[in-house]
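Asker: Okay, here's the structure, questions in a sec.
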Amino acid sequence: MKKIEWLEDAVFYEIYPQSFYDSNKDGIGDIQGIIEKLDYVESLGCNAIWMNPCFDSPFRDAGYDVRDYKKIASRYGTNSDLEELVKKMHEKNMHLLLDLVPCHTSEEHPWFLESAKQERNSYSQRYIWTNGAFDKPNNLTAVGGEYERNGTYVISFFNCQPSLNYGFSKVTESWQCSTNSKEAYATQDAIIEVMKYWLSKGVDGFRVDMAACLVKNDDGEVGTQAAWKRMFGEVRKEYPNAVFVSEWSNPTRALKCGFNMDFYLDHGWNGGNGYHHLLRDQDIDLNTYQIKKDVSYFKTESKQSILPFLKEYLSNYKETKEDGYISFITDNHDMIRITKFFSLEEIKIIYGFIFTMPGVPFLYYGDEIGMRYLEIPTKEGGYHRTGSRTPMQWNHTKNLGFSSGNKEDLYLPVDEKHSTITVESALENPNSLYYHVQKLISFRHAHKDLQSINNFKVYYAKKNSKLFAYKRGEFLIVLSPSLNEENLKLDGEYEVIYSVGKYNLEFKKIKNITQAFLLLKRRK
Ligand code: NOJ
């Protein structure tokens with residue numbers, strides 16, 4: 001894979017555009033708002049942005065139901081605003097990834113409306129339709145009875161998101177196309193055109209939604225990998241520097257077919273990859289939000305060692321370290337913010353890990369100040385995800401500085417709790433999470449060994465111990481999310497260059513490490 005230089009020191013900031021900053025008082029965040037806050041993102045140390053879908057949409061899944069791939073949704077601004085954002089970011093040497101949704105469109109997309117007509121036309125096979133309104137395909141979810149066309153159509157996520165047709169790995173029915181049929185290629189070509197359109201406007205690449213799910217009945221996702229290889233081949237002929245990060249959570253598959261980065265989450269559809277052992281191993285009732293148990297590694301009281309995570313991670317890492325990067329995230333717009341599960345002390349250790357691991361890290365807006373998860377009613381298909389999508393908390397003025405519009409018009413309510421943390425209050429507190437994040441990112445920028453480079457070596461990891469230490473070049477990172485004091489022998493002389501928590505550094509030994517994150521550098 002071609003080496004993309006800026007990725008070597010990239011730290012991403014994920015922006016959910018509707019909730020970041022409202023520049024025109026309509027209660028919804030917008031692109032001009034992002035432009036106004038670029039200095040803020042930059043001062044945090046983030047030099048790249050992933051922006052969630054900003055395209056024309058009926059917003060039944062917050063924009064992951066695209067109606068027009070080439071038009072910015074009017075609530076966010078215009079196509080020229082987007083171009084202005086790209087220009088301003090490039091002036092600051094920052095990079096922008098848009099969110100590409102290639103698996104499905106909105107049911108209101110003109111391609112779909114054409115395909116739903118009974119009379120055949122050039123879009124009839126852009127989606128996956130069976131031969132009769134009562135025929136439901138095996139292993140796939142399909143909807144019938146909504147349109148004139150006598151068939152059911154396969155969906156990817158919600159009913160409003162019909163699946164685009166990239167073919168079937170094994171064709172077993174007359175209505176299925178193969179992956180190398182002209183219909184499947186026509187879908188690929190349409191998405192290639194969308195990518196090229198935005199790349200021609202200066203955008204640096206894409207985060208790719210449900211990247212693993214293009215081809216249907218696809219054992220081992222081999223058909224989907226082939227589709228990406230072909231699409232990347234076409235796009236990179238013209239745009240060799242285009243960057244892609246996948247929502248695949250299987251680096252071995254994603255990075256081998258041309259993605260530059262893959263998010264390391266556990267999605268039910270992939271089986272495990274060890275991530276959930278770190279910070280998502282809790283049992284939560286999504287109706288009452290009661291946490292019944294939490295056995296995640298980073299939970300202070302849990303007995304979990306780092307080994308179950310490492311077992312899965314190391315094989316993924318070893319297999320892909322020449323191909324691209326694994327991306328850890330603090331949270332994203334689909335997850336319950338970690339402040340729901342972890343204390344400030346615990347989060348400081350978690351961030352210590354995220355920002356010192358190899359690969360390219362992603363920070364979700366508001367996580368730098370520890371924004372809370374709000375238990376609020378659903379909006380735009382968010383359901384339990386809605387509580388992680390509330391407006392950014394800038395200061396203690398009207399609507400916490402997110403919008404000077406009317407409170408009733410806000411996209412989602414702001415967190416009104418009296419003690420609510422804001423950027424302004426975080427900046428006044430030297431012990432705030434904000435400064436911790438800023439420091440961690442600044443160490444990353446300052447030392448090549450702490451950047452994306454795949455130079456990871458486990459130094460200490462044992463069953464029955466929560467101590468975990470790893471090396472990255474001349475740096476040693478020590479984590480101890482536990483109240484039990486533990487000791488660590490060193491293989492040389494080190495100095496601590498940054499730490500949170502308790503420890504005593506002696507000659508070639510660290511003693512009494514408790515609830516700590518330590519960044520050490522080998523003495524020359
Ligand atoms: C994953 C996205 O992150 C999520 O927000 C969306 O609802 C689904 N894919 C469907 O596009």
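The values are calculated or read from the model by the stated rules, or taken from the named source; none is laboratory data. Fair warning: this is a prediction, and the values are worked out from it, not measured in the lab. Positions of Cβ are generated from backbone atoms using ideal geometry, with glycine treated the same way; all protein chains shown enter the neighbour counts. Just so you know, the surface numbers come from the protein's heavy atoms only, side chains and all, with ligands and any DNA or RNA stripped out. Shrake-Rupley method; radii C 1.70, N 1.55, O 1.52, S 1.80 Å.
Asker: Going through Gly33, Gly29, Gly77 one at a time, which residue ends up being surrounded by 16 or more Cβ atoms within 10 Å (Cβ to Cβ), under 20 Å from the mean Cα position of the chain (by Cα) and modelled with pLDDT of 95 or more?
Answerer: Within the list Gly33, Gly29, Gly77, the selection yields Gly29.
Asker: Return the pair list, or none, for Cβ contacts closer than 7 Å from residues in segment 323-337 that are within 13 Å of the ligand (Cβ to nearest atom) and modelled with pLDDT of 95 or more to residues that are open to solvent by less than 10 Å² (accessible area, probe 1.4 Å) and of a type in the set (Lys, Arg), at least 6 apart or on different chains.
Answerer: Pairs found: Asp331/Arg337; His333/Arg389.
Asker: Could you check, for segment 362-383, whether at least one of its residues is within 18 Å of His277 (Cβ to Cβ) and either open to solvent by 10 Å² or more (accessible area, probe 1.4 Å) or in contact (Cβ under 8 Å) with a residue 60 or more places away in the chain (or both)? Write out each step before concluding.
Answerer: From segment 362-383, those within 18 Å of His277 (Cβ to Cβ) are none; that's our starting set.
No.
Asker: Let me ask another. Being under 17 Å from Leu440 (Cβ atoms), out of contact with any His (no Cβ under 8 Å at 6 or more places or on another chain), assigned to a helix (DSSP H, G or I) and of a type in the set (Phe, Trp, Tyr) is the filter here; which residues of segment 338-394 pass it?
Answerer: Phe353
Asker: I would also like to ask the following. Being open to solvent by 30 Å² or more (accessible area, probe 1.4 Å), assigned to a loop (DSSP other than H, G, I, E, B) and out of contact with any helix residue (DSSP H, G or I) (no Cβ under 7 Å at 6 or more places or on another chain): is that true of Lys524 here? Even if it seems obvious, please write down each step before you answer.
Answerer: Numbers: open to solvent by 30 Å² or more (accessible area, probe 1.4 Å): yes; assigned to a loop (DSSP other than H, G, I, E, B): yes; out of contact with any helix residue (DSSP H, G or I) (no Cβ under 7 Å at 6 or more places or on another chain): yes.
It is true that Lys524 is open to solvent by 30 Å² or more (accessible area, probe 1.4 Å), assigned to a loop (DSSP other than H, G, I, E, B) and out of contact with any helix residue (DSSP H, G or I) (no Cβ under 7 Å at 6 or more places or on another chain).
Asker: Continuing with the same structure: Between residues in segment 61-78 that are closer than 13 Å to Gln18 by Cβ and residues that are among the small types (Gly, Ala, Ser) and more than 15 Å from the ligand (Cβ to nearest atom), which pairs lie under 7 Å by C-beta distance while being six or more apart or on different chains?
Answerer: Gly63/Ala73
Asker: Sort through Lys196, Lys182, Lys201 and tell me the only one that's free of Cβ contacts under 8 Å to residues at least 24 places away in the same chain, charged (D, E, K, R) and more than 16 Å from the ligand (Cβ to nearest atom). Lay out the reasoning, then the answer.
Answerer: Numbers: Lys196 fails: free of Cβ contacts under 8 Å to residues at least 24 places away in the same chain; Lys201 fails: free of Cβ contacts under 8 Å to residues at least 24 places away in the same chain.
It is Lys182.
Asker: Here's something else I'd like to know. Got a number for residues in segment 135-186 being open to solvent by less than 60 Å² (accessible area, probe 1.4 Å) and in contact with a Cys (Cβ under 9 Å, 6 or more places away or on another chain)?
Answerer: 10
Asker: Inside segment 395-428, can you point out the residues that are over 23 Å from the mean Cα position of the chain (by Cα) and part of a helix (DSSP H, G or I)?
Answerer: The answer is Lys398, Asn399, Leu400, Gly401, Lys407, Glu408, Asp409, Glu424, Ser425, Ala426, Leu427, Glu428.
Let's see how each residue does on (1) away from the ligand (no atom under 16 Å from the Cβ); (2) not small (Gly, Ala, Ser):
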position: Glu345; (1), (2): yes, yes
position: Ile349; (1), (2): yes, yes
position: Thr356; (1), (2): yes, yes
position: Tyr364; (1), (2): no, yes
position: Asn395; (1), (2): yes, yes
position: Tyr411; (1), (2): no, yes
position: Lys417; (1), (2): yes, yes
position: Thr422; (1), (2): yes, yes
position: Ser432; (1), (2): yes, no
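Asker: For segment 135-152, give me the residue count where each residue is hydroxyl-bearing (Ser, Thr, Tyr), in contact with a strand residue (DSSP E or B) (Cβ under 6 Å, 6 or more places away or on another chain) and away from the ligand (no atom under 16 Å from the Cβ). I'd like the intermediate steps shown before the answer.
Answerer: So the first thing to find is which residues in segment 135-152 are hydroxyl-bearing (Ser, Thr, Tyr), and the list is 141, 147, 152.
Checking which are in contact with a strand residue (DSSP E or B) (Cβ under 6 Å, 6 or more places away or on another chain) leaves us with 141, 152.
Checking the rest, the ones that are also away from the ligand (no atom under 16 Å from the Cβ) come to 152.
Result for segment 135-152: 1.
Asker: Going through segment 483-524 one residue at a time, which ones are closer than 17 Å to Glu345 by Cα, in contact (Cβ under 8 Å) with a residue 24 or more places away in the chain and charged (D, E, K, R)?
Answerer: Scanning segment 483-524 gives a single hit, Glu485.
Asker: Regarding Asn316, is this residue within 16 Å of the ligand (Cβ to nearest atom), more than 19 Å from Leu7 (Cα to Cα) and crowded, with 18+ Cβ neighbours inside 10 Å? Before the answer, list the steps.
Answerer: Numbers: within 16 Å of the ligand (Cβ to nearest atom): no; more than 19 Å from Leu7 (Cα to Cα): yes; crowded, with 18+ Cβ neighbours inside 10 Å: yes.
No.
Asker: May I ask you to verify whether Leu82 is open to solvent by less than 60 Å² (accessible area, probe 1.4 Å) and within 16 Å of the ligand (Cβ to nearest atom)?
Answerer: Values: open to solvent by less than 60 Å² (accessible area, probe 1.4 Å): yes; within 16 Å of the ligand (Cβ to nearest atom): no.
The answer is no for Leu82.
Residues checked against (1) buried (at least 23 other Cβ atoms within 10 Å of the Cβ); (2) free of Cβ contacts under 8 Å to residues at least 24 places away in the same chain; (3) within 16 Å of the ligand (Cβ to nearest atom):
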position: Glu107; (1), (2), (3): yes, no, yes
position: Trp111; (1), (2), (3): no, no, no
position: Ser115; (1), (2), (3): yes, no, no
position: Ala133; (1), (2), (3): no, yes, no
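Asker: Further, regarding this structure: Return the total of residues in segment 117-131 being in contact with a helix residue (DSSP H, G or I) (Cβ under 8 Å, 6 or more places away or on another chain), assigned to a loop (DSSP other than H, G, I, E, B) and open to solvent by less than 40 Å² (accessible area, probe 1.4 Å). Step through it out loud before you land on a result.
Answerer: The first filter runs over segment 117-131 and keeps only residues in contact with a helix residue (DSSP H, G or I) (Cβ under 8 Å, 6 or more places away or on another chain), leaving 121-127, 129.
Keeping just the survivors that are assigned to a loop (DSSP other than H, G, I, E, B) gives 121-126.
Still in the list and also open to solvent by less than 40 Å² (accessible area, probe 1.4 Å): 124, 126.
Summing the residues that are in contact with a helix residue (DSSP H, G or I) (Cβ under 8 Å, 6 or more places away or on another chain), assigned to a loop (DSSP other than H, G, I, E, B) and open to solvent by less than 40 Å² (accessible area, probe 1.4 Å) in segment 117-131 gives 2.
Asker: Take the residues in segment 153-169 that are of a type in the set (Phe, Trp, Tyr) and within 15 Å of the ligand (Cβ to nearest atom); name whichever of them is farthest from Ala226 (Cα to Cα). Explain how you work it out, then say what you get.
Answerer: At the first step, the residues of segment 153-169 found to be of a type in the set (Phe, Trp, Tyr) are 153, 157-158, 166, 168.
Filter once more, so that each one left must be within 15 Å of the ligand (Cβ to nearest atom): 157-158.
On the way: Phe157: 22, Phe158: 26 Å.
Per the criteria, the residue is Phe158.
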